[in-house]
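First up is the structure itself, then whatever we jot down about it.
The values are calculated or read from the model by the stated rules, or taken from the named source; none is laboratory data. As the structure is a computational prediction, the values presented were derived from the model and not from experiment. Counting neighbours? That spans all protein chains shown, and the Cβs are built from the backbone with ideal geometry, glycine included. For the accessible areas, the whole protein counts, side chains as well, though only heavy atoms, and no ligand, DNA or RNA atoms are used. Shrake-Rupley method; radii C 1.70, N 1.55, O 1.52, S 1.80 Å.
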Amino acid sequence: MGPGDLFSAHFLDHKAPGAPARFAEQLGESGLVTLDGLATREAVLSFASRVMTVSPHRDSDPDGLTTIRDSPRHAGRPGFAGLGSGQLDPHTERSGLPSPPRLMLLVCSRPADRGGECLLTDGRRVHADLLHRGDGEAADVLSRPRTAYFGAGNGHASQVLSYHRDGRVSIRLRFDALARWSPIVRPHLPGLRAAALSHQLSLRLTPGQGYLLDNQRWLHARSAFVGDRVHWRALGNPRFNFRHGFAPAAGAPLSPTGSCPDHAVAGQKSSARLLR
């Protein structure tokens with residue numbers, strides 16, 4: 001799927017009658033909506049406020065939006081790569097929180113002179129890949145509670161895959177210096193990275209274009225760029241009912257072991273699998 005195909009396949013007119021209901025429906029089905037006509041910061045904030053309760057971020061401005069651009073003063077600092085010009089690995093936004101925001105909105109104000117494409121990976125495809133690696137061993141290990149630690153000293157011990165009681169799955173991931181792994185997970189990291197990269201889809205946004213994604217399903221990244229690239233980002237939780245995670249691909253078992261423990265319940269039960 002090319003960049004234009006990805007954009008058109010998920011596009012919704014946010015000004016159309018009944019748009020809020022359509023956004024909720026599409027996010028529940030595919031986890032991704034693409035947008036156009038958000039040419040100003042005010043328009044981005046207005047739209048974000050319609051679909052989510054905007055959450056302040058360490059790097060956000062007083063209105064809750066974060067201006068994403070190359071900021072040399074952050075060069076080399078763990079957790080600040082998004083404010084540089086280098087390539088970003090696939091990741092979940094704010095993975096170090098106990099409950100990361102469900103929605104992320106990213107809108108282009110000014111594209112880069114070269115590079116800077118958005119790179120999106122559907123976690124549903126990653127999950128399907130992992131289920132077929134070694135008879136599901138990778139998916140099983142990556143779903144064991146507290147086998148990953150995301151964030152700095154105030155981060156959160158969790159797992160890459162979380163299974164919910166209704167059979168749905170959530171993904172949480174980062175590969176940078178703020179990710180630490182249990183020894184049982186490390187042998188599966190090359191396969192996990194390969195799956196996350198092999199399913200990446202490229203999306204080059206023009207001014208006023210953007211996307212809204214389910215942060216429990218889609219991983220996002222960025223190619224390196226040259227030039228004064230400026231995007232606006234909003235994070236928050238939806239103003240509509242929204243089930244956790246995604247439905248596994250057709251034919252996939254409910255979980256690698258055939259059961260579906262809720263991730264919060266499972267996290268309380270496993271003391272033998274604590275991150276070391």
Is there a residue in the stretch 178-192 that is under 21 Å from Gly31 (Cα atoms), surrounded by 20 or more Cβ atoms within 10 Å (Cβ to Cβ) and not polar (S, T, N, Q)?
yes
Mind listing just one residue for me: the one in the stretch 9-35 that is touching a Leu at 6+ places or on another chain (Cβ under 8 Å) and assigned to a loop (DSSP other than H, G, I, E, B) and, of those, surrounded by the fewest Cβ atoms within 10 Å (Cβ to Cβ)?
Leu12
Pick from Leu6, Leu83, Leu97: which is hydrophobic (A, V, I, L, M, F, W, C), within 20 Å of Ala152 (Cβ to Cβ) and either in contact with a Ser or Thr (Cβ under 8 Å, 6 or more places away or on another chain) or open to solvent by 70 Å² or more (accessible area, probe 1.4 Å) (or both)?
Leu83
Of all residues being among the polar types (S, T, N, Q) and farther than 20 Å from Asp113 by Cα in the stretch 207-230, which is most open to solvent (accessible area, probe 1.4 Å)? Just the residue, please.
Gln216
Checking Asp63 against (1) out of contact with any Asp or Glu (no Cβ under 8 Å at 6 or more places or on another chain); (2) crowded, with 18+ Cβ neighbours inside 10 Å, the condition it does not meet
(2)
Any residue in the stretch 121-142 that is within 14 Å of Leu173 (Cβ to Cβ), open to solvent by less than 40 Å² (accessible area, probe 1.4 Å) and in a strand (DSSP E or B)?
yes
Considering every residue within the stretch 177-191, establish whether at least one is at pLDDT below 95 and either within 13 Å of the chain's Cα centre (by Cα) or part of a loop (DSSP other than H, G, I, E, B) (or both).
yes
For the stretch 36-44, indicate whether the set of residues that are under 27 Å from Ala81 (Cβ atoms), open to solvent by less than 50 Å² (accessible area, probe 1.4 Å) and touching a helix residue (DSSP H, G or I) at 6+ places or on another chain (Cβ under 6 Å) is non-empty.
yes
Quick check on Pro207: is it assigned to a helix (DSSP H, G or I) and out of contact with any Asp or Glu (no Cβ under 6 Å at 6 or more places or on another chain)?
no
Only unsatisfied item for Leu219, checking (1) within 30 Å of Lys15 (Cβ to Cβ); (2) at pLDDT below 70; (3) aliphatic (A, V, I, L, M), is (2)
Matching residues, the stretch 170-192, being touching a residue at least 40 places away in the same chain (Cβ under 8 Å) and of a type in the set (D, E, K, R)
Arg172, Arg174, Asp176, Arg180
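A quick yes/no check of all residues on (1) at pLDDT 95 or above; (2) assigned to a helix (DSSP H, G or I):
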site: Ala194; (1), (2): yes, yes
site: Leu201; (1), (2): yes, no
site: Pro253; (1), (2): no, no
site: Ala272; (1), (2): no, no
Restricted to the stretch 139-156 and to residues being among the small types (Gly, Ala, Ser) and at pLDDT below 95, the residue nearest to the chain's Cα centre (by Cα) is Gly151
